[in-house]
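The values are calculated or read from the model by the stated rules, or taken from the named source; none is laboratory data. All values derive from a computational prediction rather than experimental measurement. Surface accessibility is based on the protein's heavy atoms, side chains included, excluding ligands, DNA and RNA. Shrake-Rupley method; radii C 1.70, N 1.55, O 1.52, S 1.80 Å.
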Amino acid sequence: MKKFARNMLFTAGFLLFHAFYAHAIENINMEIQKNNSFLTVKAHIIPSQEFIDDFKNGLSKNILILVELYRRWSIIPDEFISGVQIQRILIPDPIKDEFIIKTLEGDKLTEKRFKNWQEALDWALKTEPIKIANINNVDRGKYYIKITVESNIKKLPSVLEHILFFIPTYEKKITKESEYFRLP
């Protein structure tokens with residue numbers, strides 16, 4: 001029993017050490033555009049060099065992108081207006097010598113295949129213009145965009161997940177807010 005407990009402690013320590021020194025995303029660049037009737041957002045995720053090296057060397061990555069529109073209030077908490085969630089799964093396939101990027105947006109799943117890792121990362125870490133809200137349907141006020149990007153680690157087995165509940169479920173989580181702007 002002591003040997004089992006020692007092994008569990010060693011495994012937990014290793015997982016904790018690995019989780020705190022994981023390599024992920026560095027920053028987010030965003031561009032907000034007000035068209036005639038829609039507010040659109042483009043995002044570009046900047047990865048760390050270790051993230052790029054891990055992907056080139058065959059490690060799969062899972063990125064969750066959350067784009068949200070909030071209305072700014074002075075006294076009460078800010079009001080959530082609308083949001084879009086995009087999940088990108090980056091899968092290197094060394095056998096076929098290709099890189100697969102799966103995108104899940106709402107209930108729509110798309111898959112793209114690339115022969116070059118650089119093209120795959122460029123496509124995976126940029127979003128097309130996302131329509132976040134119809135400008136004609138929002139009330140007059142101050143608003144801002146909040147983008148959250150989370151780089152997920154591999155999921156632990158369910159037995160270990162309950163025992164080692166203190167281990168984070170993501171490598172790194174970055175949130176960036178835009179400056180305030182007025183709508184209509």
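After finding the eigenvalues of the alpha carbon gyration tensor for segment 40-88, what semi-axes result from the square roots of 5 times each, listed largest first in whole Å?
33, 11, 9
Quick one: ranking TYR70, TYR180 by accessible area, 1.4 Å probe, largest first, what do you get?
TYR180, TYR70
Would you rank ASP53, ASP107 by solvent-accessible area, highest first, keeping every protein chain in place and using a 1.4 Å probe?
Descending order: ASP107, ASP53.
Step through the residues of segment 86-100 one at a time and calculate ³J(HN,Hα) from phi using the Karplus curve (6.51 cos²θ - 1.76 cosθ + 1.60, θ = phi - 60°), rounding each to whole Hz and writing x for Gly and Pro.
Taking θ as phi minus 60°, the curve returns 10, 10, 10, 10, 9, 10, x, 10, x, 5, 8, 6, 9, 10, 10 Hz for segment 86-100.
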